[in-house]
Amino acid sequence: MAGAAHCSLQAKRLLLDPKFEGYKLSLEPLACYQLGLDAAVAEVQLRDDQYTLDHMRAFGMYNYLHLDSWHQDNVYYVDQFGRVMNLSVTLDTALQKPREVFRLPTDLTACDNRLCASMHFSSSTWVTLSDGTGRLYLIKSGKRGSSASEKWEIVFNEELGSPFIIAHSVSFVKSDAHSLAVLLLRVEKDELDTKGSGFHVNLEWVTIAERKEGDQRYEIIKRRVLQGKSVPHYAAIEPSGDGLMIVSHKPFTFMQNESDKLEENDDAKVSNEKKDPLYYWQQTEDDVTVTVHLPQDVTKDDIKIHFSPDNICVTLKDQPPLMEGKLYSSVDHESCTWIIKEDKSLEISLIKKSEGSRWPELIIGDTRGESVLDSSQCSEIAESLMHLTSEVMNPNPEKENPPCNAQELEECDAFLEDGASLCRFDGDTLKVTHIINLGSNQYLFSVVVNPREMPCFCLRHDVDALLWQPHSDQPENMWEHIATFNALGYVQASKQDKKFMACAPDHSYAALCECLRRVFIYRQPTPLATVLYNRKEGRQVGQVAKQLVATLEAHDPILGFQATSERLFVLTTKTLFLIKVNSGN
């Protein structure tokens, strides 16, 4: 992480409500519609060898319902026959059955180690799709959401190794060629990890571009792999395809291919050679002695040394100065001398003006020299530090203030060994350019507010949940606080059975669902039409935030959950539910 800018998230005070009083349970009825599915959702159960928490997070808690942010109230899922099914809603009371828009060419049941099929909507007309067997499809869809204009056509498909799910994708134009960048997620066996889970997480960043021949064919032009030890909470490519942002519990680093490693090894050799000290120096209370090793062909006449009270300059054979700069402290320049010793080394003697003072460096800012201590000086330093050490652990502790007992700490005081962090990676250098230590700011969920921007992520700040919009093209405002869900951070912590969280793109409400049946909706505070008083404080209440609860008529587990500004979509194994939350304009 060397060289990365350590940043912080700046919350907007105007979006925070310190006087928020809590949610009031509302019994107002929610219109709920349900559609029976012709075929069950293509759910893939975890295998016996997928036993880690990372497998559960990546695949066991996978959201099988995909929201098309480019076209309002347009959702997709894949059924057990490999059909990509679409539901596009215009009127809740006149719902059509989900329709087939595409069928995966491969037989999904034939692959033993397959994952769930996944997809991502890269633009209004492009889709990336995976069948869960390790094959990636690039699809030109036409304008989606309309049966007349929507036609899915494969323009690229290729086997990319072991099975993966698609984490994110973007469509952009670079060097006059249309390109797509896709982020693939894998959890792979790690034979070298004997102390941990035995697995590592790979994020492969694949760039696919249109061929220059103009035949509308596409090919992979770049493949890069990041590796980490935890499934990322959030991973997204910048709209320009130039960078990548990751929120994860443990750090990710780019893996190098062999040619990169060879280049780096060469660079390391060169830097190691440069690290050999140019000169050695040692000091007493009165003087400083500097030793410089000279090239074989240098004679006394080739050496020019200029002393001044505060500076030194050493030159060989009219070359650029070998040593030059301001000395740490003043010297008696008229008493300074130099000689060439028998081993062809140059020895310079500097007489200190202030006797007894120790110099931490010879020339200010020059790191090419190495200080040498003799045995007597080492003994002096050790003796001066003796009073700071003891042979007894915690000698004579105060009986009134015993050492801290870790068992007395409460759960909220626990500090994780590795705190979550938000990192921005540069696509060219493959280095981290920005890093934010999220500490106690728990990651909650992500949402697409504007499909032309990166997805937003929601973090817990104290009791609230704050929504952050990344702006990769604004270095001074790279993460903007755009909305607050009051007390949601506190409320969601009490929901032990929660599975998915989401919010409306217009921030009008947030919602979470449990593994079975129940959905909780939290509206933003709204002004009251009638007068309401707080009885305890005797003051008028101007607005109230409502909590609503919907219980679905289903016994199957919830597999997918998506929110739009008007409604919630909830997918179970055999049913798709629509909950009308807000009425349209």
The residue that is nearest to the chain's Cα centre (by Cα), considering only those in the range 57-75 that are of a type in the set (Phe, Trp, Tyr) and open to solvent by 20 Å² or more (accessible area, probe 1.4 Å), is Tyr62
So which residues in the range 359-379 are surrounded by 12 or more Cβ atoms within 10 Å (Cβ to Cβ) and more than 18 Å from His293 (Cβ to Cβ), if there are any at all?
-> Trp359, Glu361, Ile364, Leu373, Gln377
Quick one: is Phe500 assigned to a strand (DSSP E or B) and in contact with a Cys (Cβ under 6 Å, 6 or more places away or on another chain)?
-> yes
Tyr443 passes all but one of the listed conditions (1) under 23 Å from Gly60 (Cβ atoms); (2) surrounded by 21 or more Cβ atoms within 10 Å (Cβ to Cβ); (3) not small (Gly, Ala, Ser); the exception is number (2)
Look through the range 242-285, keep the residues that are outside any strand (DSSP E or B) and among the hydroxyl-bearing types (Ser, Thr, Tyr), and return whichever of them is modelled with the highest pLDDT.
-> Thr284
Filter result for Arg452 (out of contact with any His (no Cβ under 9 Å at 6 or more places or on another chain), surrounded by fewer than 18 Cβ atoms within 10 Å (Cβ to Cβ) and at pLDDT 95 or above) | yes
Go over the candidates Asp17, Asp49 one by one and state the one that is acidic (Asp, Glu) and open to solvent by less than 60 Å² (accessible area, probe 1.4 Å).
-> Asp17
On the given criteria, is Glu355 of a type outside the set (Val, Ile, Thr) and either loosely packed, with under 12 Cβ neighbours inside 10 Å or assigned to a strand (DSSP E or B) (or both)?
-> yes
Single residue of the range 292-333 satisfying the filter (in a loop (DSSP other than H, G, I, E, B) and of a type in the set (Ser, Thr, Tyr)) that is most open to solvent (accessible area, probe 1.4 Å) = Tyr328
Taking only the range 520-536 into account, find how many residues are modelled with pLDDT of 90 or more and in a loop (DSSP other than H, G, I, E, B).
-> 2
Residue, nearest to Lys304 (Cα to Cα), within the range 334-352, restricted to residues that are acidic (Asp, Glu) and open to solvent by 60 Å² or more (accessible area, probe 1.4 Å) = Glu334
Any idea how many residues of the range 76-107 are among the aliphatic types (A, V, I, L, M), open to solvent by less than 20 Å² (accessible area, probe 1.4 Å) and in contact (Cβ under 8 Å) with a residue 40 or more places away in the chain?
-> 5
What residue, of Glu219, Glu191, is loosely packed, with under 13 Cβ neighbours inside 10 Å, outside any strand (DSSP E or B) and either out of contact with any Cys (no Cβ under 7 Å at 6 or more places or on another chain) or of a type in the set (A, V, I, L, M) (or both)?
-> Glu191
Near pairs, Cβ below 6 angstrom, 6+ apart or cross-chain, from the range 239-253 (more than 23 Å from Ser124 (Cβ to Cβ)) to any residue that is basic (Lys, Arg) | Lys250/Lys229
Kindly provide the set of residues from the range 450-472 that are out of contact with any Asp or Glu (no Cβ under 8 Å at 6 or more places or on another chain), at negative phi and part of a loop (DSSP other than H, G, I, E, B), ordered by number.
-> Asn450, Pro451, Arg452, Glu453, Pro455, Val463
Residue, farthest from the chain's Cα centre (by Cα), within the range 289-332, restricted to residues that are among the basic types (Lys, Arg) and on the phi < 0 side of the Ramachandran plot | Lys300
Of the residues that make up the range 68-76, is at least one over 24 Å from Ile521 (Cα atoms) and among the polar types (S, T, N, Q)?
-> no
Report yes if Glu417 is modelled with pLDDT of 95 or more and charged (D, E, K, R), otherwise no.
-> no
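The values are calculated or read from the model by the stated rules, or taken from the named source; none is laboratory data. Keep in mind the model is a prediction, meaning the values are calculated, not measured. No Cβ is skipped: glycine too gets one built from the backbone with ideal geometry, and neighbour counts run over all protein chains shown. The accessibility values were calculated without ligands, DNA or RNA, using every heavy atom of the protein model including side chains. Shrake-Rupley method; radii C 1.70, N 1.55, O 1.52, S 1.80 Å.
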